[in-house]
Amino acid sequence: MADNIILETDKYNERYLQVKCTQTKNSSAENSSKVDWELSAIGDSQFYSTGPTELKIGGVTVYSSERIAWSVGKFPVAQGSVSDTVVINHNPDGS
């Protein structure tokens, strides 16, 4: 069974960023875990500027963007999402 976690930023006029992570593979022999992630902009269709945005999973930067003005009208200031998979190395005991 996969392990899941959902984290959300503070809301601004009901808009926020949400990250969902799902551990899809745990390889004790290789001391690593495979994690699928999705970063989504949630809320109404109004655009708001965002500061620099960075998502790190297990110390690995998986998403990064500079400040984006509302007038650009693309993720993460607009609704939408980005997703990928990352392999996280760990100790044999999973730590």
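Here, each number is a calculation from the coordinates, and none is a lab measurement. Predicted, not measured: the structure shown is a model, and the values here were computed from it. Positions of Cβ are generated from backbone atoms using ideal geometry, with glycine treated the same way; all protein chains shown enter the neighbour counts.
From the list ALA78, ALA41, ALA69, which residue is farther than 30 Å from SER95 by Cβ and touching a residue at least 40 places away in the same chain (Cβ under 8 Å)?
ALA41
What number of residues within the range 42-89 are exposed (fewer than 15 other Cβ atoms within 10 Å of the Cβ) and either charged (D, E, K, R) or not in a strand (DSSP E or B) (or both)?
Final tally of qualifying residues: 19.
For the range 6-31, how many residues meet the condition of being of a type in the set (A, V, I, L, M, F, W, C) and surrounded by 12 or more Cβ atoms within 10 Å (Cβ to Cβ)?
Summing the residues that are of a type in the set (A, V, I, L, M, F, W, C) and surrounded by 12 or more Cβ atoms within 10 Å (Cβ to Cβ) in the range 6-31 gives 3.
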